Amino acid sequence: MPSVTDLYDPLTEEILHDPYPVLAQLREREPVFWHEGMGSWALTRYADSVRVLREHETFARDPRRTGGTVPEPSLSVQTLDPPQQNAVRSLFMTALRAQDLTAIEDRARLLVGERLDQLAGAGPFDVVAEIAVPLSVAVVANVLGVEPPPYGEFAAVSDAIMRSMDGGLNPALVEPGRIARQQLSDLVDSWFAASARPGLLARVWQAAAPDSDAPTWLYVKNTARVMFQGGYSTMVAAAGNAVHTLLAHPGALDRMRDGALLATGVDELVRFDGPVQGTTRTAVRSCRIGRVDIAPGQKVVPLFAAANRDPAAFTRADELVLDRTPNRHLGYGWGSHSCVGTTVAQAGLRALVAALNEHPARLASAGDGVRRRTATMRAFDTLPAALLP
């Protein structure tokens, strides 16, 4: 019988294509297993994953709590644990709630519609480059209140950052990611230095200018960078996965013309084949998960892709159920470290699905997509499609 490390290598073509059968096998055979390549315990059950994400006292996101270090550019709301992160996260969430997401969603739907008009009748096109990337850049830039950077230029920077998330599997990815983070940090600095147009960053600036008594300005700037990069990369991956799922399930797109099914269906698309595959925590003290004893300092990785298909948490877990409620999936993480821009990502996906349904041409597959060779983020490099009369 192959070892679990051999069975689950997240960068093999088999796993990149469809990780769910292997993850289901592991959930039955060894739900908490040591993965040599990741140097961590991996969790496949929903309940275990949620427990690790909830218990901040036992499982640290901040490496400094277990004697590690964090490079200055990486100090953000996603690094800190409660209660240290509370002030910065509250600052951004308050500014986010003040945005008119309905108007942003409407503009996004119009943008996708315009892209579809340009692509209709022109033969096969790449969903990622032609729709997911421009949609994601526009939505996140609109929320933040900044000028959208050039698509191609920003996509390259984002790609280097996203790939560096797999630095534990391939250390060669770390330095290019560091350079890309610095490039993006410089861009964020320019946004704050300029007179910001209405948007999230303008509100953050007013509430936490560098000379104020607000939370550390370094965390604020880095969180703005994380929000732009994380929101963009997550939305691009989610949009590609969603279109792929809809193409593989005839009738699903048409059913989502119903407003109620659009709302629940977008959530279900993320549960069914979500963008973020897992996250890492470090045990602060000895603990036990299932039948496994975890030592202080050992890493633990909740595998969201496995948890979101756990039949103990979701009925008909391997089926696309567009009206699934409740749907407490882990597609955007969970709790205080969940994606700050979850509501933004959902608005972008609703805009995408609505625009596809509003357009007179029919979306059809034009060949097999190519999955991006990344473990942390499940995404397409290319996804060919066509618009047919």
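Data table
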{"item": "Residue within region 109-129 that is surrounded by 15 or more Cβ atoms within 10 Å (Cβ to Cβ) and touching a Phe, Trp or Tyr at 6+ places or on another chain (Cβ under 6 Å) present", "result": "yes"}
{"item": "Single condition ALA364 does not satisfy, out of (1) surrounded by 16 or more Cβ atoms within 10 Å (Cβ to Cβ); (2) aliphatic (A, V, I, L, M); (3) modelled with pLDDT of 95 or more", "result": "(1)"}
{"item": "Residue, surrounded by the fewest Cβ atoms within 10 Å (Cβ to Cβ), within region 142-155, restricted to residues that are closer than 13 Å to LEU187 by Cβ and touching a residue at least 24 places away in the same chain (Cβ under 8 Å)", "result": "PRO149"}
{"item": "Boolean, PHE192 is more than 27 Å from PRO71 (Cα to Cα) and over 21 Å from the mean Cα position of the chain (by Cα)", "result": "no"}
{"item": "Conditions (1) touching a strand residue (DSSP E or B) at 6+ places or on another chain (Cβ under 9 Å); (2) surrounded by 13 or more Cβ atoms within 10 Å (Cβ to Cβ); (3) in a loop (DSSP other than H, G, I, E, B): number failed by TRP34", "result": "(3)"}
{"item": "Test set (1) of a type in the set (D, E, K, R); (2) out of contact with any Pro (no Cβ under 9 Å at 6 or more places or on another chain); (3) in contact (Cβ under 8 Å) with a residue 60 or more places away in the chain; (4) within 20 Å of LEU356 (Cβ to Cβ) - ARG203 fails condition number", "result": "(4)"}
{"item": "Test: residue in region 130-139 that is over 17 Å from ALA355 (Cβ atoms), in contact (Cβ under 8 Å) with a residue 12 or more places away in the chain, in a helix (DSSP H, G or I) and under 18 Å from the mean Cα position of the chain (by Cα)", "result": "no"}
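Quick grid of which residues meet (1) over 30 Å from GLY67 (Cβ atoms); (2) out of contact with any Leu (no Cβ under 8 Å at 6 or more places or on another chain); (3) among the charged types (D, E, K, R); (4) touching a residue at least 24 places away in the same chain (Cβ under 8 Å):
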{"site": "ALA252", "(1), (2), (3), (4)": "yes, no, no, yes"}
{"site": "ARG255", "(1), (2), (3), (4)": "yes, no, yes, yes"}
{"site": "GLY278", "(1), (2), (3), (4)": "no, no, no, yes"}
{"site": "THR282", "(1), (2), (3), (4)": "no, yes, no, yes"}
{"site": "ARG288", "(1), (2), (3), (4)": "no, yes, yes, no"}
{"site": "ASP293", "(1), (2), (3), (4)": "no, yes, yes, no"}
{"site": "ARG324", "(1), (2), (3), (4)": "yes, yes, yes, yes"}
{"site": "CYS339", "(1), (2), (3), (4)": "no, yes, no, yes"}
{"site": "ALA354", "(1), (2), (3), (4)": "yes, no, no, yes"}
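The values are calculated or read from the model by the stated rules, or taken from the named source; none is laboratory data. As the structure is a computational prediction, the values presented were derived from the model and not from experiment. Cβ atoms come from the backbone with ideal geometry, glycine included; neighbour counts cover every protein chain shown.
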